[in-house]
Amino acid sequence: MCGIVGYIGNKTAVPILVNSLKKLEYRGYDSAGVAVLNDKSINVVKCKGRLSILEEKVAADTPQGTIGIGHTRWATHGEPSDLNSHPHLSNSGSIAVVHNGIIENYMELKEFLESEGYVFLSETDTEVVAHLIDYLYKGDLVKAVTEAINKIEGSYALGVICKDCSDKFVAARKDSPLVVGLGKDENFIASDIPAILEYTRDIYILEDREVVLLTQNDVKVFNNYGIPVKKEVFKVNWDVAAAEKAGYEHFMMKEMCEEPKVIKDTVNPRIKGESIVLDNINISREELMNLNKIYIVACGTAYHAGVVGKYIIEKLAKIPVEVDVASEFRYRDPLVTDRDLVIIISQSGETLDTLFALRESKKKGARVLSIVNVVGSSIARESDDVLYTWAGPEIAVASTKAYNTQLSALYLIALDFAYRLGRIEKDFYISVIEELKSIPQKIEAVLGNKEVIQKFASQHYNAKSIFFIGRGLDYALSLEGSLKLKEISYIHSEAYAGGELKHGTIALIEEGTLVVCPITQDNLVEKTISNIKEVKARGAIVLAITKESNKQVGKVADVVVTVPDVDSLIAPIVAVTPLQLFAYYMALQKGCDVDKPRNLAKSVTVE
Ligand code: AGP
């Protein structure tokens, strides 16, 4: 989704803005722009398309000035075009605004501003913000922005410069991410930390409705009543290299190769001796005993991790679990009560649908435990308990390593709850912990064998439609495999429970249809083999993913990719990697932009 940056300091703003915007490219965008203040005038350069086009434009004639804002736009209101790109200027040229989010009452505000003589040039909701601030500005930019955000409904992260303010600019946020970077003789704003990590590691994380005044040597934060707010500095301790490609062709490949490490980072520190110790989760045994139900709520890949979570929590802890897509959960008036626990899963911690589902759950009295990757994100801050996944920055739009760590976190939770409730034996508890600890090594082996998948992809990348089938946890895995393939290779794909295929979808299987089939559940091997035979009988080509010791599958599938032997219960953490590799190589063969697939955004901050 849209990315915002802002700079004030003693250097020329444009190169810093463009460099920071590059670090936000992963969020997804279709146009880009910058606005720079120089000598009482605001110079805007913006255009449809990739940042390289903007770069060429500013290289030809670099706007001078040491205060500026920049933006990458992911179109919501109005098509991608030069005119709809941000920054937006007020008619007088006094105010320039960049915005991430959606102004829900923009029609109403637009009518009012038009009645005041403002002329709208773009189709965006953002333009009302520029005109509104212009209308409210009477010499105090903080006051004008504060008054504006009190009139705006919806979500926003805003960066605002004003032609009369040669020593400051202002930012604000609600429901869209924004951080402030504190430098020496310079200060920054950005939608996400990687954008400014090259310049500073000292960050203010903004709360909803906070307004920030940035000057070269100072940053002041106010609430929406204009009262100063004291902020704590958050020190970023991860390496700049963590957000760089480090020699890999794509972030996605780099991030898959990081899976063994990040699983270790997520699991090992939480194992003390023979026990799981979940720091920051303060749910007592008594509270667990009294739980009525667990809801797992998330979107996309995180939702698919939740589907695995349902299987394992029910199996181990014997607590009923409902898993729901966040955008549906919020509006279906779920029967959540104060006797329920809601587990929220999110890599970014900023997904708006998920954040709103969290708030809905809290409103209904439930306790909220979140599994989040980004420290200090909105979801982390608003949850009662947080279990961080230590996946590090995930830049490729297609989530890979975050999913493996989300699963790791869910296994830790399921095992911890089950053991504390006395629903599993100590020996079993210890053996699964040992198995979890062995996962990184097993994924190393899968990554070491990726050529088999690469070769298969080189032979089948022209497939028009691919089906994923699986039973039990392999069904949950199929959902994720299918999503991964769709989002980066643009090949139509569907995931089905193996047993469900014959109830309709098998009609689509014909000579040459590709079927991908994970088979890692020991108790379901025979049944899944029957499903493979059913599709083979109708001409399908089957790629199976199974454990090394499972020799039967080779007799029915066309190609078999093996993973090291692993307990069926935790097999998804290992078996997802071949599915991610499959999507990657299919997309690569097709010449797709693997890291930045069309139409998609990394952090989905609109509903
Ligand atoms: C994953 O590959 C997707 N890009 C997407 O489905 C993502 O998982 C979803 O938008 C949720 O994001 P979150 O984990 O940051 O909340």
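The table below lists the values:
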| quantity | calculated |
| --- | --- |
| Among the candidates E255, E350, residue that is within 16 Å of the ligand (Cβ to nearest atom), within 21 Å of E487 (Cα to Cα) and open to solvent by less than 10 Å² (accessible area, probe 1.4 Å) | E255 |
| Matching residues, the range 46-74, being free of Cβ contacts under 8 Å to residues at least 24 places away in the same chain and of a type in the set (A, V, I, L, M) | I53, A59, A60 |
| Filter result (open to solvent by 90 Å² or more (accessible area, probe 1.4 Å) and assigned to a loop (DSSP other than H, G, I, E, B)) within the range 493-532 | E510, E511 |
| Residue list for the range 369-379, restricted to those being within 14 Å of the ligand (Cβ to nearest atom) and surrounded by 23 or more Cβ atoms within 10 Å (Cβ to Cβ) | S370, I371, V372, N373, V374, S377, S378, I379 |
| Meets criteria (assigned to a strand (DSSP E or B) and more than 16 Å from the ligand (Cβ to nearest atom)) for I319 | no |
| S85 vs. criteria in a loop (DSSP other than H, G, I, E, B), modelled with pLDDT under 95, touching a Lys or Arg at 6+ places or on another chain (Cβ under 6 Å) and open to solvent by 10 Å² or more (accessible area, probe 1.4 Å) | no |
| Filter result (polar (S, T, N, Q) and either surrounded by fewer than 21 Cβ atoms within 10 Å (Cβ to Cβ) or in a helix (DSSP H, G or I) (or both)) within the range 150-174 | N150, S166 |
| Verdict on A366 being away from the ligand (no atom under 14 Å from the Cβ) and among the hydrophobic types (A, V, I, L, M, F, W, C) | yes |
| Hits in the range 275-296 (condition: within 18 Å of T405 (Cβ to Cβ) and either within 16 Å of the ligand (Cβ to nearest atom) or part of a helix (DSSP H, G or I) (or both)) | I296 |
| Residue ID - nearest to E510 (Cα to Cα), chosen from residues in the range 436-455 that are at pLDDT below 95 and part of a loop (DSSP other than H, G, I, E, B) | K450 |
| Members of the range 254-279 that are within 23 Å of the chain's Cα centre (by Cα) and farther than 19 Å from K22 by Cα | M256, C257, E258, E259, P260, K261, V262, I263, K264, D265, T266, V267 |
| Residues of the range 40-61 classified as part of a loop (DSSP other than H, G, I, E, B) and not basic (K, R), total | 2 |
| Check on V229, over 25 Å from V604 (Cα atoms), among the aliphatic types (A, V, I, L, M) and open to solvent by 40 Å² or more (accessible area, probe 1.4 Å) | yes |
| Sole exception among (1) assigned to a helix (DSSP H, G or I); (2) at pLDDT below 95; (3) open to solvent by less than 10 Å² (accessible area, probe 1.4 Å) for L581, by number | (2) |
| Filter result for G481 (touching a strand residue (DSSP E or B) at 6+ places or on another chain (Cβ under 8 Å) and either of a type in the set (A, V, I, L, M, F, W, C) or in contact (Cβ under 8 Å) with a residue 60 or more places away in the chain (or both)) | yes |
| Counted residues, the range 39-73 - those being open to solvent by 10 Å² or more (accessible area, probe 1.4 Å), modelled with pLDDT under 90 and under 16 Å from F169 (Cβ atoms) | 2 |
| Residue tally, condition assigned to a loop (DSSP other than H, G, I, E, B) and exposed (fewer than 13 other Cβ atoms within 10 Å of the Cβ), over the range 549-565 | 2 |
| Cβ pairs under 6 Å, 6+ apart, first in the range 399-411 and more than 11 Å from T266 (Cα to Cα) and of a type outside the set (D, E, K, R), second open to solvent by 10 Å² or more (accessible area, probe 1.4 Å) and within 12 Å of the ligand (Cβ to nearest atom) | S399/T301; S399/Q347; Y403/T301 |
| Contacts under 8 angstrom Cβ, first residue in the range 123-149 being farther than 13 Å from F222 by Cα and assigned to a loop (DSSP other than H, G, I, E, B), partner among the polar types (S, T, N, Q) and modelled with pLDDT under 95, 6 or more apart | E123/N84; T124/N84; D125/T76 |
| Of all residues making up the range 95-114, the number that are touching a residue at least 60 places away in the same chain (Cβ under 8 Å) and either open to solvent by 40 Å² or more (accessible area, probe 1.4 Å) or part of a helix (DSSP H, G or I) (or both) | 0 |
| Answer from S399, S408, S431, S458 - the residue that is in a loop (DSSP other than H, G, I, E, B), hydroxyl-bearing (S, T, Y) and either open to solvent by 10 Å² or more (accessible area, probe 1.4 Å) or within 16 Å of the ligand (Cβ to nearest atom) (or both) | S399 |
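So that you can scan it fast, the table gives a plain yes or no per residue for (1) open to solvent by less than 20 Å² (accessible area, probe 1.4 Å); (2) out of contact with any Pro (no Cβ under 9 Å at 6 or more places or on another chain); (3) modelled with pLDDT under 95; (4) of a type in the set (S, T, Y):
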position: N282; (1), (2), (3), (4): no, yes, yes, no
position: I294; (1), (2), (3), (4): yes, no, no, no
position: A298; (1), (2), (3), (4): yes, yes, no, no
position: A302; (1), (2), (3), (4): yes, yes, no, no
position: V308; (1), (2), (3), (4): yes, no, no, no
position: K315; (1), (2), (3), (4): no, yes, no, no
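The rows are residues; the columns are (1) at pLDDT below 95; (2) of a type in the set (S, T, N, Q).
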position	(1), (2)
T126	yes, yes
H131	no, no
K138	no, no
L141	no, no
T146	no, yes
Y156	yes, no
F169	no, no
L182	no, no
F188	no, no
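The values are calculated or read from the model by the stated rules, or taken from the named source; none is laboratory data. Every value quoted in this text rests on a predicted model; they were computed, and no experiment measured them. Virtual Cβ from ideal backbone geometry, glycine too; neighbours counted across all protein chains shown. Accessible surface areas use protein heavy atoms only, side chains included; no ligands, DNA or RNA. Shrake-Rupley method; radii C 1.70, N 1.55, O 1.52, S 1.80 Å.
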